[in-house]
Amino acid sequence: NGTVHTCIGQEFTGVAISKFLNAEDFVFSNHRGHGHYLSRTNDVSGLLLEVLGYKDGCSGGIGGSQHFYNKNYMSNGIQGGMTPIASGVALGNELQKIDSLSVVYIGDGTLGQGVLYETLNLSSVWNVPVIFVVEKNGIAQTTSNNQTIAGTIEYRAKAFDIEYFKSTTNNVSDLMDQTEKAISFSRNNKRPVLLEIQTNRLMSHSKGDDNRDPLKIKDLEKLDPINILSKENPKLFSEMKLIADKKINKI
């Protein structure tokens, strides 16, 4: 039941983050979280069955496309709603002397939510090891962030004395490098971090509600790492796609 928000174009954010997390770390995601879920859990079956409403899905078939649960992974569709939960879990683990941090994914559209700023403030005051990952795709549903966001994401972090890192899914090697630095800083210093990742939403918000210029989207598709791989190394791409298709068809 409900709609589906694909993460096509944004997949490498989750890949980069998951690469440097420990088993004890927690991940909190949002409505566009399929890539986050797969890269963290590798539970292709649980995701597909959940979206189809089967009881063997990761949330028992009642979570739909937005509400996933799997061990230390939770997602919810409310913009910014998971930020205080992520910070609270990280603080709770810290008080119990558990070596763990929290990662919470938000979009640039979440920058209009007051609960985010309350969480940034207290996370800094209380020295909470939580990483706020802002996937900046430039559009909130159908509204450009040029119409809704004043100032910069970096200055928002600095206002709360939070360490700031920045990268893009258009440069995978830099993304891996900055992600590793951000996670290491938070883990070693027991401090919050804000990681801004410029990325590209290649599909509509959900059902087809996209008012962007199709030519602009075509330009974004040329920057996509998967599309680049398919052109520069078609043999490898075909082999990888065959493996993926076999796994999904089996499920």
Residue set VAL27, VAL4, VAL51; condition touching a helix residue (DSSP H, G or I) at 6+ places or on another chain (Cβ under 8 Å), open to solvent by 40 Å² or more (accessible area, probe 1.4 Å) and of a type in the set (Val, Ile, Thr); output residue VAL4
Q. Being touching an Asp or Glu at 6+ places or on another chain (Cβ under 9 Å) and either without any contact (Cβ under 8 Å) to a residue 12 or more places away in the chain or of a type in the set (Val, Ile, Thr) (or both), is that true of even one residue in the range 38-53?
A. no
Taking first residues from the range 195-213 that are in contact (Cβ under 8 Å) with a residue 40 or more places away in the chain and hydrophobic (A, V, I, L, M, F, W, C) and second residues anywhere that are open to solvent by 20 Å² or more (accessible area, probe 1.4 Å) and part of a strand (DSSP E or B), the pairs with Cβ under 6 Å that are 6 or more apart or on different chains are LEU195/PHE165
Those residues of the range 54-68 which are free of Cβ contacts under 8 Å to residues at least 24 places away in the same chain and either under 17 Å from HIS5 (Cβ atoms) or not aliphatic (A, V, I, L, M) (or both) amount to TYR54, LYS55, ASP56, GLY57, CYS58, SER59, GLY60, GLY61, GLY63, HIS67
Among the residues of the range 75-109, the number that are of a type in the set (A, V, I, L, M, F, W, C), open to solvent by 20 Å² or more (accessible area, probe 1.4 Å) and more than 19 Å from THR3 (Cβ to Cβ) is 5
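Applying the selection to the range 13-37, what residues are aromatic (Phe, Trp, Tyr) and touching a Gly at 6+ places or on another chain (Cβ under 8 Å)?
Within the range 13-37, TYR37 is the sole residue that qualifies.
The values are calculated or read from the model by the stated rules, or taken from the named source; none is laboratory data. These numbers come from a predicted model, not from an experiment. When we count neighbours, we look across all protein chains shown, and the Cβ atoms used for this are built from the backbone with ideal geometry, even at glycine. Each accessible area value is taken on the protein alone, full model and side chains, heavy atoms only, with ligands, DNA and RNA left out. Shrake-Rupley method; radii C 1.70, N 1.55, O 1.52, S 1.80 Å.
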